[in-house]
1. Test of understanding: ordering C:Tyr94, B:Tyr310 by Cβ neighbours within 10 Å, fewest first, what list do you get?
2. Give the average, rounded to an integer, of partner chain Cβ atoms located within 10 angstrom of each Cβ in A:133-140.
3. When the dipole is taken about the Cα centre of the protein assembly as shown, and only Lys, Arg (+1) and Asp, Glu (-1) are charged at their Cβ, what size is it in debye, to the nearest 20?
4. Output the 0 to 90 degree angle, nearest 10, between the alpha-carbon long axis of helix C:281-290 and the longest principal axis computed from the alpha carbons of chain C.
5. If the convex hull of the alpha-carbon atoms of the stretch C:304-414 is projected onto planes in all directions, what is the mean projected area in square nanometres?
6. Per q in 0.11, 0.13, 0.17 Å⁻¹, report the Debye log10 I(q)/I(0) for chain A, using one uniform scatterer on each alpha carbon and no solvent.
7. When only Cα pairs under 8 Å and 6 or more residues apart are kept, what is the percent relative contact order across the stretch C:213-270?
8. Give the percent of DSSP beta bridges with both residues in chain B that are antiparallel, rounded to the nearest 5.
Amino acid sequence: MSEFQWLSWIRGVGLQSAVAIFCMGIVWRTMEIYTLGRKLDIAEPRRISGASGWHTIYRRFLAPLGMIHLDPVTYIGGYVFHLGLLIVFFLSEPHIHLIRELIGLSWPALPPSMIDIVTIVTLITMIVVLVDRVRKPLKRFLSGFGDYVLWVITFLPVLSGYLTVHHLLLPYTILLALHMISVEVLLIVFPFTKLFHAVTVWPSRWFNGNTNARKGVPV
Amino acid sequence: MENREIEPLESSMVHGVSRRTFLQYCATLASLMALPSSAGVAFSKALSSVSRPPVIWLSFQDCGGCTESLIRSNVPTLEDLLFNSLSLEYHQAFQISAGIATEAARKDVVQKNWGKYLLIVDGSIPMKEEGVYSTTAGVSHYDLLMEMAKGAAAVIAMGTCAVSGGLSRAYPNPTGATAISRLIKDKPVINLPGCPPIPVVMTGVLIYYLTFGAFPELDALGRPKAFYGETVHDRCYRRPFYEQGKFAKSFDDEGARQGWCLFELGCKGHITHNACSTKKWNGAVSFPIESGHGCLGCSEPGFLDTGSFYRALSLPEKPIGHAVNALMAGAMVGGSMFMTNRGFKMVAAHTHLPSCVADLEKESGG
Amino acid sequence: MSASFHRAVNVLKKMIDTPIASYFNSCLHCGLCAEACLFYTETGDPKYAPIYKLEPLRRLYQQEYTLMGRMARLFGLSRPVTATEFEDWKTLVYDSCTLCGRCSLVCPTGNDIVSMVKCLREGMAIAGHAPQGMIDVTKRTLETGSPMGITWSALQRKIENIKTETGLEIPLNQEGAEYMLVISSLEIAHFPGFLTAVSKIMRQAKKTWTLCSDAFEASNSGVHIGVSDIAKEIVSRIVAGAEKLRVKTVISSECGHAFTALRWDGPNLIERPYRFRVRHIVEVLDEFRKQGLLQTIGHEEARLTFHDPCQLARMGGVLEPQRKLLKMVASDFVEMPDSGEYNWCCGGGGGVSDNEDAKELRLVAFTRKRAQLEAVNARRLVTACANCRIVLGEGMQHHQMNVPLLGLTELIANYLLETTAGGTE
């Protein structure tokens, strides 16, 4: 198989399959989780302003009082690399081009130099977060094999994207192929691993917020 | 200094090629193939020698484009080279004789030059229905190829069809078109892909073979590294625009007029291994990108099955092609999980016996 | 697999629902819940990370309710949950969790971890893996009506004593009274001043109130140990008593868990709304204050701070009333760091104080409270939960601290403007 065919497979059949598995997984897992049913709370609720599931969805973006000092790496690292991933994915020119191709929507891109800075910051932050996971006994204890594999799976698309744009280390074709295949792996594992938190985090926050809001505690 | 060594030049004069032109040609060819200058001398000696190695050219499932390309070679005119330096014993398109006479001549050449002749093949071999899709004089091309390959010294697969199946092998490949190198395993086969190959690539390899009796260094796909070692993008004159992120967005925009990179218009130069951007076409006048059109990737295997010519490489081909089916499949799995989960929960709820304080210590009792 | 273990798995399967599934799928193993758990912060032992305490429940969920989990179990890729594992997890689920709910407050993905611990206790208790101390308490509650074995007649004697000492009349079994008070055995045994204080306040507020002989006990060890069926039986006694006496409001005494068990768990346990309101005594006092029925005189001068019982504040939603009440009677009220819904547990909630196995760990966990107290240098510590009061007392004794402890209701009663007896004018 030549590079050309390899790349063609990855950007054709490979990506189609990955997207298909991703779509299937999202629907399957969402249904699997959210059709289990729940008992409604029938205790007389206490209504106070500023407490509801919706408030909690927003409020959990913020670090609770004092917590940021207890574990700054997790909080700041978490903010930075999540924001970095969002910016790199949604605001870089090639990705906007792709989104326009797919759904017809587009928006202005950040200049490539900005994207470069964000990418490097994201990569460094992810490394810091990983080192923290390995070094801190608590996190190491809670981490399984999957946590490390998923770190790699999240890290590689960013790294390969950067290398592709700058033509570093390997021929462009191979880099482009690696970038796409790393994204495909990410798409495939997404619904079946903790990456799925991107979907479940919102209802989880809502459930928690709602439970507490009924008691009158703005959490 | 060179002049003294080159004696056989007289013969080339006979054919109307000037001595200067001929030497220039040999030196250029050597430098094109990144060979030392002594190779140019060797080329000139070989080309002007009297013994002309026989060449048999077979056309199978092809369009004739490779032959067209070859006869458009220049400096010196390659038909001149072929007819005078090589001995083209058989070529259906060039043959004056026809029918039984031609076939008899072919068999005669094979017999006389058993083990010595060079076999050039353009076009693919249809393998379905016992090769009935393409025949010559009632003989399937598969049989013809195998028969002719037996006595050949080496085989040259000329053009993408012969190299990897090309157009006829494109999806859905109704004839079962197959590449030459997949069929011939016991002879050296060199692949010269391209639709068509660049003329100088053809002549360069031929002359190299005639001179040294072997093929130049090949890559993993059997292509001479001298011509296919780099991508079109590697040496493209528009590459600086690529590096600067300046891309033409359509064929008639300002970027296109300014000669910016054609990547976003689907140029496949990045992944196409060929010498177009250096050797160029039509006497090195131009090549597709210079003429404003992206590279199609014609020298790469399977190039016709890799989506639109005009879609940027970085863009996926129909990524959501199966999304709707996938969503439905997901809904089915999710639905069955919903049913079974609810079933399990109901069973658990119905079989639950109210717990009492005695249950709390049950474990100690066993 | 023993029959009881099978029942345990069954009950967990019955209880695992969408929120729990959503929570388990959201966990990122970030460890922030541990930073909010005093058993981790005070020991530094990663096994006390709240989410880790739920491992058996997580595996059970995956194996039962996800397709991937079912397949993994089918192909032997995941170990089934075992009774041994439950036994191993006993120290994590019972000894080192006070159901304080602080982890649920900080989880960045919003996981309500404490609700899942309660769920897991449900299974572990049925399989016989609850601590003996908690089993004994539950038994006594069911047999005698009170976790400490205090009977109605014992309470009556206390009431007689109060009458002879203070002349205060405590109404018993009065149908149609506005308020019915349920109290914790701890208060009867250790803090009888609470009952006196309530009597004084009710007299000043001119409210009708009563105790109920069938339902005087407020606490619900069924909720602690995690058996809904038992919790339901215990809460039903109060519901029956209150509905028989046709009271408007049931007042939960100064006991945090008793309050949440009755106020928030109760209706869900009996699967119907109550025909009465449930209020914590602090809420009732605050209502009186707002209506001007609570008149105090003088102030506590010493620097004073308030320990928020987890079940009252974070888990019960009573955050402001206690502060307003304190400001009425204290001139130097200071907040500890991390107060209100972010308070730290005394270390003895969720049945941990009944659990002898957990005593050592509980005293280690108290280090956090000591640090909080030392940070504000308070001379008095007020709280509104009898259990907290006892655990705090033990902790201070162990850590050689000497800060007098007070119940909020008693403190208010101490500064009550004494009107002349009778109060009919």
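1. Listed from fewest to most nearby Cβ atoms, that is B:Tyr310, C:Tyr94.
2. The per-residue average across the peptide is 4.
3. 1000
4. Value to nearest ten degrees: 50.
5. 6.3
6. Computed log10 I(q)/I(0) values: -0.71, -0.96, -1.40.
7. 44
8. Antiparallel: roughly 30 percent of the beta bridges in chain B.
Coordinate-derived values only; no laboratory data. As the structure is a prediction and not an experimental result, all values here were calculated from the model. With ideal geometry, Cβ positions are generated from the backbone for all residues, glycine too; neighbour counts draw on all protein chains shown.
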